[in-house]
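Peer 1: Please read through the structure below; I'll follow up with questions.
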Amino acid sequence: MRICAVDFKSNEANICLLELKEGLFDVPDCRARKFTITDGASAEQIRHFQKQFAQLMTDYKVDKIVIRERPMRGKFAGSAIGFKLEAALQLIQDMDCEIFTSSAMKESIKSNPVMVSLKEVGLKQFQEHAFTTACAYLNK
């Protein structure tokens, strides 16, 4: 199974592709590491983001999008633009999309800690939360 984990930060969608083959993880190369929406997030920009993201999922034969859950209130609450982007991903036709809850993620990481560094798999620091989400989801 190949998934695309997504972590929203303000007006950015940081992504990480991860595949589970015969019990082993593989981080395939990907032409995109993040998507950024400029201020305003007009309907046209959201549609463009959705179209680009859907094409990426098709090109890389992704089976499922896994979105890291964000709180709606409090210090780490998601932004309005982030929630628009999240909805755009959930509405991609013929694509399975799931919100991965914080509690499920913590439980998975507790029983199966991530034992590899980002540099070892060729990822950037801003992809850390997306990578952790992907590992936790596939280990659950």
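Readers should treat all values here as calculations from the given coordinates under stated rules, not as data from a laboratory. These numbers were taken from a predicted model, which means no experiment stands behind them. Backbone-built Cβ (ideal geometry, glycine too); neighbour counts: all protein chains shown.
Peer 1: Among the lysines, which fall within straight-line cross-link reach of K110, defined as a Cα-Cα distance under 28 Å, with same-chain neighbours fewer than 8 residues apart omitted?
Peer 2: Result set, ordered by chain and number: K9, K21, K34, K64, K75, K119, K124, K140.
Peer 1: Right, here's the next one. Arrange the peptides 40-51, 9-20 so that the one whose residues have, on average, the most other Cβ atoms within 10 Å appears first.
Peer 2: 9-20, 40-51
Peer 1: Over region 10-119, calculate the relative contact order: mean separation of alpha carbon pairs under 8 Å at least 6 apart, over the residue count, as a percent. Mind showing how you got there, number by number?
Peer 2: Details: 99 pairs, mean separation 28.1, N = 110.
Over region 10-119, the number comes to 26 percent.
Peer 1: Now for a different question. Ranking request for peptides 67-74, 53-60: highest mean number of other beta-carbon atoms within 10 Å first, then the rest in descending order.
Peer 2: 53-60, 67-74
Peer 1: Among A43, L24, A13, whose Cα sits farthest toward the positive end of the charge dipole of region 1-51 (+1 at Cβ of Lys/Arg, -1 at Cβ of Asp/Glu, about the Cα centre)?
Peer 2: It is A43.
Peer 1: How big is the Cα convex hull of the chain in projection, averaged over all directions, in nm²?
Peer 2: Working: hull surface 33.6 nm².
So the Cα hull casts an average projection of 8.4 nm².
Peer 1: So how far apart, in nm, are the two label points at N112 and A87 if each is 7 Å from Cα heading toward Cβ?
Peer 2: With each label point 7 Å from Cα toward Cβ, the separation is 3.3 nm.
Peer 1: Right, another one. Compute the distance in nm between two label points, each set 7 Å from the Cα along the Cα-to-Cβ direction, one at K64 and one at E98.
Peer 2: Between K64 and E98, the label points sit 0.3 nm apart.
Peer 1: Same structure again: Grab the beta carbon distance between R31 and R73, set R0 = 35 Å, and tell me the FRET efficiency rounded to 0.05. Walk me through the numbers before you get to the answer.
Peer 2: Values: r = 35 Å, r/R0 = 1.01.
The pair R31/R73 has a calculated efficiency of 0.50.
Peer 1: Would you mind putting 109-118, 128-137 in packing order, based on average other-beta-carbon counts within 10 Å, highest first? Write out the running numbers ahead of the final one.
Peer 2: Numbers: 109-118: 12.0, 128-137: 22.8.
Highest mean packing first, the order is 128-137, 109-118.
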